[in-house]
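Peer 1: This is the structure, below, for whatever I ask next.
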Amino acid sequence: MAPATAHRSESMRAFLAIVTLVVMAVAAPTMAAQKVELSIDASKPGAKVDRNLFGQFAEHLGHGIYDGIWVGSDSTIPNTRGIRNDVVAALKAIQVPNVRWPGGCFADEYHWRDGIGPQRAVRLNPNWGGVIEPNTFGTHEFMDFIDQIGSAAYVSVNLGSGSPKEAADWLEYMTAAQATTLEKERAANGHPAPYKVAWLGLGNESWDCGGNMTPEYYLDRMKIFSHFVRNYNPAQTEQNQMLKIAVGPGGGEQRWTDWTETVMKAYQQHTWSWDISGLSMHSYTVVKWPPAFKSVGFGEDEYAQILKATLEMDDLIKKHSAIMDKYDPQKKVALVVDEWGGWYAPLPGSNPGFLVQQNSLRDAILAALNINIFARHADRVRGANIAQMINVLQAMILTDHEKMVLTPTYYVYKMYVPFQDSTFVPVTFDAGSYKHGDFALPRVDAMAAKSKDGKLWVEITNVDPKQAAEVELNVSGINVKSASGETLTAPKVDSVNTFEAPNSVVPKPISAKAQGGKLILQLEPKSVTVVSVEQ
Ligand code: AHR
């Protein structure tokens, strides 16, 4: 038993603690919602927000393809010709405009003949864990998948370890309508009609895993591929022409600005025999290399730091757009951010080569911030592919055998569907500042656009994890009557959806009616909101 004096001092300590808590509670300021005035000028429409900004990327990497998309037709997991039905249904709902395939680094070691016909070559995947690549998912399976989800093919050809002839043959195999040997082979393999290849990637990161080339060497090689790798599909002429995307920068340092200069300068002087429609750019939100930030189980420090870092996308686009403007003032060549997203430490216990990470509310906010940046540069940025679609990096979907869960990022893509092929509308607001430790970033972000049916849509991100935002929506010259849509938030910055608890981060309805001529939306802290506005 404790002596009486000790007992008395313990009671005293408990009493003092309670008094302190009561005083703190009384003294603590109630976090008033931050007031934000949002002015939209719908009479000044801007560039088209190309639906291809919402593109996806699926590489032969970890469980991105195998288990994520492909389970094989004899699987007990419901499938159509080997492709998971649950995944197809989920992807249809976000209206994926294009899927970039087969890589990534994988693309520059991929030989298309390994993945056609009844006998598939079994190889290794040296980039991603050195595992067996069975090639059961090849050209026909990819095209079937694209068709099932209602998307378009963005095929990256092997410019690193392959030859121009190999790539030219692949395109002829896929797209020829006339009775060539390759066309007949495709028909014999089950697809008499030519496939459409909407986008063609001329290599991947040729400055690194794609062959460690100098810009000059890449340019020489790229011109050869651009000339000889032809699309023969008779439906792909004029407006429907295949877009050829050259390898572009992977950062903002001089090495990358030199790369953009070299390719764009050559483009300015290009002749009839080669052409490009886009320059790719890769930019991940990593902060530290190798990736060390946790994808779940983190706090406000990591939240603020990652979101601050992701906003660098804006400067990066400005930097490379300025170089492109010098050589292509008419903006014929698109900047295509065909790899982007949060890249964190692999989940403990996972194969580090499989790039497995969770996807939290922070990623939803990261996605919204980046999409808004792309939309603000829509005159130059006409394509973007988040990395990667399933089970890899900042994924839309996670699977584990028969289980599937949709991530917070997935829901952002779903909420943004109305912005696909919309017309950008300028929006002005004072973003204020959210500060945490050494990090200060805009407290709110917003964008607006008119969808194809003429409706006005507004997105508002409240970055502040503690303070709500009270947003007054003003549309110039118009009495706004109401707004309704969806908002996405969760209890914590690192809230995630799991197979056991799939609905921790899901959108819920939000609406507001004008009162006294004002339309006010109450937004929760750390939230992404998309509403349509009724006038
Ligand atoms: O997305 C993972 C890898 O990141 C890709 O294969 C490569 O292009 C990039 O470095």
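Peer 1: Can you tell me which residue among GLY62, GLY104 is in contact with a helix residue (DSSP H, G or I) (Cβ under 6 Å, 6 or more places away or on another chain), within 16 Å of the ligand (Cβ to nearest atom) and at positive phi? It would help to see each step written out before you state the result.
Peer 2: On the way: GLY104 fails: in contact with a helix residue (DSSP H, G or I) (Cβ under 6 Å, 6 or more places away or on another chain).
That would be GLY62, the only listed residue that is in contact with a helix residue (DSSP H, G or I) (Cβ under 6 Å, 6 or more places away or on another chain), within 16 Å of the ligand (Cβ to nearest atom) and at positive phi.
Peer 1: Which numbered condition in (1) away from the ligand (no atom under 16 Å from the Cβ); (2) open to solvent by less than 40 Å² (accessible area, probe 1.4 Å) is the only one that GLU402 fails?
Peer 2: Condition (2) is where GLU402 drops out.
Peer 1: Of the numbered conditions (1) out of contact with any strand residue (DSSP E or B) (no Cβ under 6 Å at 6 or more places or on another chain); (2) under 27 Å from LEU91 (Cα atoms); (3) not acidic (Asp, Glu), PHE137 satisfies every one except a single condition; which is it?
Peer 2: (1)
Peer 1: Do any residues in the stretch 381-392 that are modelled with pLDDT of 95 or more have Cβ atoms under 8 Å from those of residues that are within 12 Å of the ligand (Cβ to nearest atom) and basic (Lys, Arg), where the two are at least six apart or on different chains, and which pairs are they?
Peer 2: Once the first residue is modelled with pLDDT of 95 or more and sits in the stretch 381-392, its partners that are within 12 Å of the ligand (Cβ to nearest atom) and basic (Lys, Arg) give ASN385/ARG100.
Peer 1: Spot the failing condition for ARG84; the list is (1) in contact (Cβ under 8 Å) with a residue 60 or more places away in the chain; (2) within 16 Å of the ligand (Cβ to nearest atom); (3) among the charged types (D, E, K, R), and only one is missed.
Peer 2: All conditions are met except number (2).
Peer 1: Let me ask something additional. Here is a list: LYS332, LYS288, LYS294, LYS308. Which entry is surrounded by 16 or more Cβ atoms within 10 Å (Cβ to Cβ) and part of a loop (DSSP other than H, G, I, E, B)? Can you show your working first?
Peer 2: Working: LYS332 fails: surrounded by 16 or more Cβ atoms within 10 Å (Cβ to Cβ); LYS288 fails: surrounded by 16 or more Cβ atoms within 10 Å (Cβ to Cβ); LYS308 fails: part of a loop (DSSP other than H, G, I, E, B).
The conditions single out LYS294.
Peer 1: Looking only at the stretch 311-321, how many residues end up being in contact with a helix residue (DSSP H, G or I) (Cβ under 9 Å, 6 or more places away or on another chain) and open to solvent by 60 Å² or more (accessible area, probe 1.4 Å)?
Peer 2: 1
Peer 1: Quick check on my filter: what residues within the stretch 190-226 are among the hydrophobic types (A, V, I, L, M, F, W, C), more than 16 Å from the ligand (Cβ to nearest atom) and in contact with a Pro (Cβ under 8 Å, 6 or more places away or on another chain)?
Peer 2: Listed by number, the residues that qualify are ILE224, PHE225.
Peer 1: Quick check on my filter: what residues within the stretch 325-369 are more than 26 Å from PRO291 (Cα to Cα) and either β-branched (Val, Ile, Thr) or touching a Phe, Trp or Tyr at 6+ places or on another chain (Cβ under 9 Å) (or both)? Steps first, answer last, please.
Peer 2: First pass over the stretch 325-369, keeping only residues more than 26 Å from PRO291 (Cα to Cα): 325-334.
If the condition is that a residue be more than 26 Å from PRO291 (Cα to Cα) and either β-branched (Val, Ile, Thr) or touching a Phe, Trp or Tyr at 6+ places or on another chain (Cβ under 9 Å) (or both), then TYR327, ASP328, LYS332, VAL333 are the ones that fit.
Peer 1: Additional query: Considering PRO45, PRO102, which residue is open to solvent by 50 Å² or more (accessible area, probe 1.4 Å), out of contact with any Leu (no Cβ under 8 Å at 6 or more places or on another chain) and not β-branched (Val, Ile, Thr)? So that I can check it myself, show each step before the final result.
Peer 2: Numbers: PRO102 fails: open to solvent by 50 Å² or more (accessible area, probe 1.4 Å).
PRO45 is the lone residue from the list that is open to solvent by 50 Å² or more (accessible area, probe 1.4 Å), out of contact with any Leu (no Cβ under 8 Å at 6 or more places or on another chain) and not β-branched (Val, Ile, Thr).
Peer 1: Another one. Within the stretch 335-353, track down each residue that is open to solvent by less than 10 Å² (accessible area, probe 1.4 Å) and of a type outside the set (Asp, Glu).
Peer 2: The answer is LEU335, VAL336, VAL337, TRP340, GLY341, GLY342, TYR344.
Peer 1: Next question, about the same structure. Check off (1) within 16 Å of the ligand (Cβ to nearest atom); (2) among the β-branched types (Val, Ile, Thr); (3) open to solvent by 40 Å² or more (accessible area, probe 1.4 Å) for VAL155 and give me the number that stays unchecked.
Peer 2: Looking at each condition in turn, VAL155 falls short on (3).
Peer 1: Here is a follow-up. Among the residues of the stretch 171-178, is any within 16 Å of the ligand (Cβ to nearest atom) and of a type outside the set (A, V, I, L, M)? Give the derivation first.
Peer 2: Filtering the stretch 171-178 for residues within 16 Å of the ligand (Cβ to nearest atom) gives none.
No: the stretch 171-178 contains no residue that is within 16 Å of the ligand (Cβ to nearest atom) and of a type outside the set (A, V, I, L, M).
Peer 1: Something else about it: Which residues, counting only those in the stretch 67-99, are open to solvent by less than 30 Å² (accessible area, probe 1.4 Å) and outside any loop (DSSP other than H, G, I, E, B)?
Peer 2: ILE83, ARG84, VAL87, VAL88, ALA90, LEU91, ASN98, VAL99
Peer 1: Suppose we filter the stretch 339-392 for residues that are within 13 Å of the ligand (Cβ to nearest atom), over 10 Å from the mean Cα position of the chain (by Cα) and either at positive phi or in a helix (DSSP H, G or I) (or both); how many remain? Spell out how you get there, then give the answer.
Peer 2: To start, the set of residues in the stretch 339-392 that are within 13 Å of the ligand (Cβ to nearest atom) comprises 339-344, 346, 352-357, 385-392.
After this cut, where a residue has to be over 10 Å from the mean Cα position of the chain (by Cα) as well, the list is 343-344, 346, 352-357, 390-392.
Those still in the list that are either at positive phi or in a helix (DSSP H, G or I) (or both) too: 352-355, 391.
Result for the stretch 339-392: 5.
Peer 1: State whether the residues of the stretch 142-158 include one that is closer than 23 Å to TYR218 by Cα and polar (S, T, N, Q). Outline the logic, then answer.
Peer 2: Taking the stretch 142-158 and keeping what is closer than 23 Å to TYR218 by Cα, we get 154-158.
Adding the requirement that they be polar (S, T, N, Q) leaves 156, 158.
Yes: one or more hits.
Peer 1: Looking at the stretch 114-149, which of its residues are buried (at least 17 other Cβ atoms within 10 Å of the Cβ), among the aliphatic types (A, V, I, L, M) and touching a helix residue (DSSP H, G or I) at 6+ places or on another chain (Cβ under 9 Å)?
Peer 2: If the condition is that a residue be buried (at least 17 other Cβ atoms within 10 Å of the Cβ), among the aliphatic types (A, V, I, L, M) and touching a helix residue (DSSP H, G or I) at 6+ places or on another chain (Cβ under 9 Å), then ILE116, MET143, ILE149 are the ones that fit.
Peer 1: Is there any pair linking a residue in the stretch 282-301 that is closer than 20 Å to GLY353 by Cβ and of a type in the set (Gly, Ala, Ser) to one that is in a loop (DSSP other than H, G, I, E, B) and more than 16 Å from the ligand (Cβ to nearest atom), with Cβ under 6 Å and at least six apart or on different chains, and which?
Peer 2: Hits for this filter: SER295/GLN358.
Peer 1: Next question. If PRO491 passes every condition in (1) in contact (Cβ under 8 Å) with a residue 24 or more places away in the chain; (2) within 29 Å of LEU355 (Cα to Cα) but one, which one does it miss?
Peer 2: Condition not satisfied by PRO491: (1).
The values are calculated or read from the model by the stated rules, or taken from the named source; none is laboratory data. Since the model is a prediction, treat every value here as computed from it, not as a measurement. No Cβ is skipped: glycine too gets one built from the backbone with ideal geometry, and neighbour counts run over all protein chains shown. Heads up: the accessible areas ignore ligands, DNA and RNA and are worked out on the full protein's heavy atoms, side chains in. Shrake-Rupley method; radii C 1.70, N 1.55, O 1.52, S 1.80 Å.
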